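Heads up: the structure comes next, in structure tokens.
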Amino acid sequence: AQSVTQLDSQVPVFEEAPVELRCNYSSSVSVYLFWYVQYPNQGLQLLLKYLSGSTLVKGINGFEAEFNKSQTSFHLRKPSVHISDTAEYFCAVIPLTGGGNKLTFGTGTQLKVEL
Amino acid sequence: KAGVTQTPRYLIKTRGQQVTLSCSPISGHRSVSWYQQTPGQGLQFLFEYFSETQRNKGNFPGRFSGRQFSNSRSEMNVSTLELGDSALYLCASSLSPAKETQYFGPGTRLLVL
């Protein structure tokens with residue numbers, strides 16, 4: 001079984017400041033990793049994913065994430081946030097073997113960007 | 001290409017009733033998964049369908065069921081609604097069940113009174 005931990009339930013940050021949203025996972029098998037964003041009253045939008053290859057992954061809207069296998073982490077970063085980045089961010093994993101297409105999600109981090 | 005569509009977007013039901021939610025995947029996508037999102041439990045996997053067959057099921061009671069049609073559209077049904085079933089129900093589609101990226105619809109918000 002897999003589990004995902006997002007330690008920060010809320011992250012307040014000023015506009016144009018950098019931000020890091022933390023994600024750690026636990027799994028007995030290798031996993032694919034994803035970050036999704038959810039704006040109010042909307043579904044989930046894929047920000048980026050790590051399947052294999054370079055551990056630094058670039059996504060949409062200027063976000064990037066780094067996969068660290070030894071620390072079982074997949075933290076999301078953005079060098080300069082904008083008001084429009086205010087949303088909830090979810091880290092998720094899928095096992096490489098078994099489990100079908102079942103995504104296991106973290107509890108989410110609410111990013112609040114302030115002027 | 002149109003995204004995943006879900007109908008209805010909002011629904012109010014009373015305890016004991018049943019409800020059917022619909023999901024139309026992205027054209028060409030044949031795998032559909034359903035998730036329940038609540039403030040208390042977060043995002044939880046309900047079930048996954050591919051080629052009209054349920055391939056995977058989450059830990060939900062038998063009141064929750066689903067099906068997929070030959071055109072890949074999917075429905076989920078909840079019978080004997082309980083207050084705790086109030087949630088945002090999200091549908092996601094992917095090309096296949098082979099660990100493909102899943103694309104989510106806007107969800108159906110169900111309120112059970």
Test set (1) surrounded by 14 or more Cβ atoms within 10 Å (Cβ to Cβ); (2) in a loop (DSSP other than H, G, I, E, B) - A:Ala92 fails condition number
(2)
Selection from the stretch A:42-86 of residues assigned to a loop (DSSP other than H, G, I, E, B), buried (at least 17 other Cβ atoms within 10 Å of the Cβ) and within 14 Å of another protein chain (Cβ to nearest Cβ) yields A:Gly43, A:Gly59
Might you check whether a residue that is aromatic (Phe, Trp, Tyr), in contact (Cβ under 8 Å) with a residue 12 or more places away in the chain and in contact with a Lys or Arg (Cβ under 9 Å, 6 or more places away or on another chain) occurs anywhere in the stretch A:53-72?
yes
Does B:Gly16 count as at pLDDT below 95, at positive phi, more than 14 Å from the chain's Cα centre (by Cα) and not in a strand (DSSP E or B)?
no
Going by the conditions given, is B:Ser33 modelled with pLDDT under 95, under 20 Å from A:Ala92 (Cα atoms) and surrounded by 21 or more Cβ atoms within 10 Å (Cβ to Cβ)?
no
Unique match (being free of Cβ contacts under 8 Å to residues at least 12 places away in the same chain, away from chain A (no Cβ under 13 Å) and out of contact with any helix residue (DSSP H, G or I) (no Cβ under 7 Å at 6 or more places or on another chain)) among B:Asn77, B:Asn71:
B:Asn71
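The values are calculated or read from the model by the stated rules, or taken from the named source; none is laboratory data. The structure displayed is predicted, hence computed values, not measured ones. Here the Cβ is made from the backbone with ideal geometry for all residues, glycine too, and neighbour counts use every protein chain on show.
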